[in-house]
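Student: Structure provided below as structure tokens; questions to follow.
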Amino acid sequence: QVQLVESGGGLVQAGGSLRLSCTASGFTFSRYPMGWFRQASGKEREFVAAISMNSGRTYYADSVKGRFTISRDNAKNSVNLQMNSLNPEDTAVYYCARNSEAMGLPPYQFNYWGQGTQVTVSS
């Protein structure tokens, strides 16, 4: 079955950096667009970033553009999120997600989620 396992979360001071990783299994990773979402306490889950199958295209929420970078390593079945210049508004549980369709085109429809990893940014 599809499994997505996130890691790399933690506590960081404002202005700092974190790198999240997601390891996938149970499907042909290289055929699916992948994404990252986040959910802050008391708020709805929101899109953060997405990447196409071959890393040719990336997409970002306006709130993270220029600070976060999504990447993937199809040989390792992993997708990563490098987060720089973090601020307290980035505090949330971050989720890795898989697109519903192999070789899908935007707009993506994510329907598989990991368990999430907590990111806390202190001021």
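Student: Got at least one residue in segment 98-109 being among the polar types (S, T, N, Q), modelled with pLDDT under 95 and in a loop (DSSP other than H, G, I, E, B)?
Tutor: Looking through segment 98-109, at least one residue is among the polar types (S, T, N, Q), modelled with pLDDT under 95 and in a loop (DSSP other than H, G, I, E, B).
Student: Residues being under 14 Å from the mean Cα position of the chain (by Cα) and open to solvent by 20 Å² or more (accessible area, probe 1.4 Å): count how many of those fall in segment 66-83.
Tutor: Taking segment 66-83 as the starting set, the residues that turn out to be under 14 Å from the mean Cα position of the chain (by Cα) are 67-73, 77-83.
Subsequent filtering for residues that are open to solvent by 20 Å² or more (accessible area, probe 1.4 Å) retains 67, 69, 71-73, 77, 82.
Looking only at that region, the number is 7.
Student: Something else: When only residues in segment 84-96 that are of a type outside the set (Ser, Thr, Tyr) and farther than 13 Å from residue 68 by Cβ count, which is least open to solvent (accessible area, probe 1.4 Å)?
Tutor: Within segment 84-96, the first condition is being of a type outside the set (Ser, Thr, Tyr), and the residues that meet it are 84, 86-90, 92-93, 96.
Imposing the further condition that a residue be farther than 13 Å from residue 68 by Cβ reduces the set to 88, 93, 96.
Numbers: 88: 50, 93: 36, 96: 0 Å².
Per the criteria, the residue is 96.
For every residue, the table says whether it meets (1) touching a strand residue (DSSP E or B) at 6+ places or on another chain (Cβ under 9 Å); (2) among the hydrophobic types (A, V, I, L, M, F, W, C); (3) assigned to a loop (DSSP other than H, G, I, E, B).
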residue	(1), (2), (3)
43	yes, no, yes
63	yes, no, yes
69	yes, no, no
76	yes, no, yes
86	yes, yes, yes
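Student: Something else about it: What is the residue count in segment 41-65 for residues that are open to solvent by 30 Å² or more (accessible area, probe 1.4 Å) and either under 15 Å from the mean Cα position of the chain (by Cα) or not small (Gly, Ala, Ser) (or both)? Can you show your working first?
Tutor: Filtering segment 41-65 for residues open to solvent by 30 Å² or more (accessible area, probe 1.4 Å) gives 41-47, 53-60, 62-63, 65.
Now restrict to residues that are either under 15 Å from the mean Cα position of the chain (by Cα) or not small (Gly, Ala, Ser) (or both): 43-47, 53-55, 57-60, 62-63, 65.
So the answer is 15.
Student: Oh, and also: Which pairs do you get when a residue that is under 18 Å from residue 72 (Cα atoms) and open to solvent by 30 Å² or more (accessible area, probe 1.4 Å), found in segment 97-122, comes within reach of a residue that is aromatic (Phe, Trp, Tyr) and not in a strand (DSSP E or B), reach meaning Cβ atoms under 7 angstrom, with the pair 6+ apart or on two chains?
Tutor: Filtered contacts from segment 97-122: 102/32.
Student: Would you point out the residue of segment 110-123, among those that are over 16 Å from residue 26 (Cβ atoms), of a type in the set (Ser, Thr, Tyr) and in a strand (DSSP E or B), that is farthest from the chain's Cα centre (by Cα)? Full working, then the answer.
Tutor: Kept after step one, since they are over 16 Å from residue 26 (Cβ atoms), are these residues of segment 110-123: 116-123.
Retained after the next criterion (residues that are of a type in the set (Ser, Thr, Tyr)): 117, 120, 122-123.
The next check asks that each one be in a strand (DSSP E or B); those that pass are 117, 120, 122.
Numbers: 117: 10, 120: 15, 122: 21 Å.
Here the answer is 122.
Student: Ok, one more. Just to be sure I understand, how many residues within segment 1-17 are open to solvent by less than 30 Å² (accessible area, probe 1.4 Å) and outside any loop (DSSP other than H, G, I, E, B)? If you could, list the steps in order and put the result at the bottom.
Tutor: Initial filter on segment 1-17 (open to solvent by less than 30 Å² (accessible area, probe 1.4 Å)): 4, 6, 10, 12, 16.
Subset that is outside any loop (DSSP other than H, G, I, E, B): 4, 6, 10, 12.
Counting residues in segment 1-17 that are open to solvent by less than 30 Å² (accessible area, probe 1.4 Å) and outside any loop (DSSP other than H, G, I, E, B) gives 4.
Student: So, one more: I'm trying to understand the selection: among the residues of segment 18-40, which are in a loop (DSSP other than H, G, I, E, B) and either crowded, with 18+ Cβ neighbours inside 10 Å or in contact with a Gly (Cβ under 9 Å, 6 or more places away or on another chain) (or both)?
Tutor: 32, 33 - these are the residues of segment 18-40 that are in a loop (DSSP other than H, G, I, E, B) and either crowded, with 18+ Cβ neighbours inside 10 Å or in contact with a Gly (Cβ under 9 Å, 6 or more places away or on another chain) (or both).
The values are calculated or read from the model by the stated rules, or taken from the named source; none is laboratory data. Treat the numbers as computed from the prediction; the structure is a model and nothing was measured. Quick reminder, even Gly has a Cβ in these numbers, built from the backbone with ideal geometry, and neighbours come from all protein chains shown. Ligands, DNA and RNA are stripped out before the accessible areas are found, and what is left, the full protein with its side chains, is counted by its heavy atoms. Shrake-Rupley method; radii C 1.70, N 1.55, O 1.52, S 1.80 Å.
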